[in-house]
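Report on the following structure.
Readers should treat all values here as calculations from the given coordinates under stated rules, not as data from a laboratory. The shown structure was predicted, so the numbers you read here are calculated from the model rather than taken from an experiment. When we count neighbours, we look across all protein chains shown, and the Cβ atoms used for this are built from the backbone with ideal geometry, even at glycine.
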């Protein structure tokens, strides 16, 4: 009898997934900060009175209302599935808290079940969940969404099911995903918040891969009111929105109407903001922030300038080398060119000294390799790659030395020339050439005047040592097309960093994404060491293991010199007309536009 009881207990443990207790939230590491029964996120105003409207503006155009296929990857109307303005139309199974590194709470799924080893996850749908046409959100919708995105969607949606062994309905409201050996510990969370759930009854899979202006049906808080292709899209609140009383939605979605207007140039957008046609202006230019807000509405207080300080790593902005080009497969050339940008000169002459130099992808956080020497555990993870790294990089010291700010620091330029010589280039007749006399020359593709200004500063320095740079600023459509097909030598790109880097790093730097059209692997990197360390990061079971893996990853990216590191600002800047208000609390990830409101509704 005792033996039978022991055997039954063992079988119970082996099949533990069937007996897991439903939970209200899940976290990448540790447990959610908010308990079951929480009433709202700590960074919202739970008592806000909903109503009024807001007008946003963006630069570009749009020709589709489907953001999930390759043809519309960068030409879809903003707001449908949007991490800035909010997911106004479509929703995910769970929603991320902006006040925790990587924690999810219930949305379409009211509870979740999973096991310690994360071999499966089960989402239990909220029986109240409805589409905007009144039909219920069902497990069939969830299964359909993953299948149609696999078959007709763009990356990364098309790859969501690769780590899934089977997907099945459980009872009336449950959907269970059981994983194969391709899944990592982050993957269940990716399923939960990074995939839209689509209405099976309102989508034709045969045409899902086409651009369309047909108004879609969603489960989100808004419906599309009107569309002016390429110019403007207007959303109206759905008065019957099913989730308005969920704890994860209290204090969100506060406007009756949201509009997004498109402009050909940033200057035109700013002029519209000055006139009051646009309510909120997201500022990213320190010179513009310091000098451009001298119009009467600022003086009178009608326009308010807000500065927010998130607790986030800096990320990385830089001139990215396209390693698909033979020139940039030479690591000594990349290292030399990465040292040649005179940040001190550019910061003083172009940006009023507003920026700091970026020396790490996770600078200003515990995840950064900067200021943290590689310990034995990290060196073991790096393996042979550590032997290829400079002593300074391994010891956590800055690897980009400050110049004298003259724009022609001889000491730095001499180091650049020496590295180029090691890479097979010498100065001959005032030009940097290889052994066959072929000049070291390349083109930087820029998107706007601000990028062009920085590129010109870089061009100015390299010209002194005979390196020829041409600069081509293209319109938005051409920029999106060429960047999506990797048709460039060098491009200026930003790599935002979070406190929970994960599967998105495969799309940026993983070998699998190197030749996939539309991926974010702009450098064209395919490196087994990088792949291995990304895998270690994704499968880390403890915070300590995770930090070790991210620091190793940071060092690998820095040692490869895949881009020219530029600069960063720790603050977030937003200008707004005073009728638009926001909560006083600033979450970990900074301001959250979906929690703002129109004071005229009070």
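Expressed as a whole number of Å, what is the distance separating the alpha-carbon centroids of segment 505-554 and segment 65-122?
Each part's Cα centre sits 21 Å from the other's.
Taking neighbour Cβ counts within 10 Å as the exposure measure, how do 225, 274 sort from fewest upward?
By the 10 Å Cβ count, ascending, the order reads 225, 274.
Ignoring everything except DSSP H segments at least 4 long, calculate the 222 nm mean residue ellipticity for the chain; use -39,500 (n - 2.57) per segment, divide by total residues, nearest 500.
Counting only the DSSP helices, I get -7500 deg cm²/dmol.
Give the separation of the Cα centroids, segment 290-315 to segment 248-281, in Å.
15
Find the relative contact order for segment 91-208 and round it to a whole percent, using C-alpha pairs within less than 8 Å whose residues are 6+ positions apart.
30
Angle between the Cα long axis of helix 2-14 and the longest principal axis of the chain, 0 to 90 degrees, nearest 10?
On a 0 to 90 degree scale, this one is about 50.
If you take every DSSP beta bridge whose two residues both sit in segment 316-568, what share of them, in percent to the nearest 5, is antiparallel?
Taking every DSSP beta bridge with both residues in segment 316-568, the antiparallel ones total about 65 percent.
For the chain, give the share of DSSP beta bridges that are antiparallel, in percent and rounded to the nearest 5; count only bridges with both residues there.
Percent antiparallel among DSSP bridges in the chain is about 80.
Return a whole-number percent for the relative contact order of the chain, with Cα pairs under 8 Å and 6 or more residues apart as the contact set.
Dividing the mean separation by the residue count of the chain yields 20 percent.
Can you sort 343, 208 from fewest to most other Cβ atoms within 10 Å of each residue's own Cβ?
Lowest count first: 208, 343.
Relative to the longest principal Cα axis of the chain, at what angle does helix 543-560 sit, 0 to 90 degrees, rounded to 10?
30
Between residue 228 and residue 298, what is the label-point separation in nm under the 7 Å Cα-to-beta-carbon projection?
Going by the 7 Å Cα→Cβ label model, 2.7 nm.
Tell me the relative contact order for segment 270-390 as a rounded percent, counting alpha carbon contacts under 8 Å between residues six or more apart.
Relative contact order comes out at 25 percent.
What does the convex hull of the Cα atoms of segment 62-204 come to per residue, in Å³, rounded to a whole number?
Spelled out: Cα convex hull of segment 62-204, divided by residues, is 118 Å³.
List the equivalent ellipsoid semi-axes of segment 316-568 in whole Å, largest first, each obtained as the square root of 5λ for an eigenvalue λ of the Cα gyration tensor.
Its equivalent ellipsoid spans semi-axes of 29, 21, 19 Å.
Neighbour counts of other C-beta atoms within 10 Å: give me 121, 503, 569 arranged from fewest to most.
Going from least to most buried by this count: 569, 503, 121.
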